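Values quoted throughout were computed directly from the atomic coordinates according to the rules given, and no laboratory measurement underlies them. Quantities reported herein were computed from a predicted structural model and do not represent experimental measurements. For neighbour counting, all protein chains shown are included, and Cβ atoms are generated from backbone atoms with ideal geometry for every residue, glycine included.
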Amino acid sequence: MLVPALLAFVTVFGACRGVDVYAAMIKGAGEGLKTAAKILPPVIIMLSAVTLLRQSGFFELFTRLISPVLSLFGIPAETTPIILIRPFSGTGALAVVSELLTRYGANSYVGRTASVMMGSTETTFYVLAVYFGATKTGKLKKAVFAALLADFVSYVVSALAVRIFF
C-alpha cells in the first residue's frame, strides 16, 4: 500500500506544481533504461566470471590453501569467495552471499558472517578508481594497501562480531 500511495502523492504533487508528470516519468524511464544498459554488461561478465571460477574448482582449491590462515582469525573458509570477489564487484559478492545463504541458511554462522562481511566492506577497486580518477591524486599504492588492509580487518571483525553477538 505504501508504494501506490507514494506514487499517487508524487503524481498529485507534481500536477499541482504544474509539472507534466507523464513526460517526466517517460524521461525518467528512458534514463533508467540507459543506466541499465550501461550496468548490465559488466554485471553479466562478473557473474559469468564468478560462475567460471566456481565451476572450475578455483574457489575450492584456494579455500583449501587459505583455510588454515582464515581459521586463525575465526573466519569461516566458506566465505573465501566473498573475500576474493568483494573488492572487485559488489554484485558478484552479493551472488556469492545469496548462494551461501541458500546452502547454509541465514541463521548459520557462515550465513551470518557472510552477511556482515557484505555489509561492512566496499568494492575497494571501484571506489579507488572513481576517487583517483576524479582527483588525479598519485598515491594509489598506499591507498590500495590501506583499503585492502581495511577490508581484511573488516572480515576479521565481522567473524568476531558474529561469534560475540550470535
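List of remarks:
- When the chain is treated as a GNM with alpha-carbon contacts under 10 Å, the residue of 41, 87, 76 showing the greatest mean-square fluctuation is 41.
- GNM result for the chain, Cα springs below 10 Å: residue of 90, 57, 30 fluctuating most strongly: 30
- The Cβ shell under 12 Å around residue 77 holds other residues with a net charge of -1, Lys and Arg each +1, Asp and Glu each -1.
- Relative exposure of 158, 71, 108, judged by other C-beta atoms within 10 Å (fewest first): 71, 108, 158
- Length-normalised contact order for the stretch 100-152 - Cα pairs under 8 Å, 6+ apart - percent: 27
- Candidate cross-link partners of residue 142 among the aspartates and glutamates, defined by an alpha-carbon separation under 16 Å and a same-chain spacing of 8 or more, comprise 151.
- GNM top mover of 36, 95, 15 - the chain, alpha-carbon springs below 10 Å: 15
- Kyte-Doolittle mean at least 1.0, axial Cα span of 24 Å or more - DSSP H helices of the chain: 140-165
- Taking the fewest neighbouring Cβ atoms within 10 Å as the starting point, the ordered list for 10, 162 is 10, 162.
- Adding -39500 (n - 2.57) for every DSSP H run of four residues or longer, then dividing by how many residues the chain holds, sets the calculated 222 nm ellipticity at -27500 deg cm²/dmol.
- Extension gain, residue 27 to residue 125, is 32.1 nm, computed as 0.36 nm per intervening residue step minus the present C-alpha separation.
- From the coordinates of this entry, Rg/Rh (Cα atoms, Kirkwood Rh) is computed, and it appears in (1) 1.11; (2) 1.07; (3) 0.95 under the label (1).
- In terms of other Cβ atoms within 10 Å, 112, 17 run from fewest to most in the order 17, 112.
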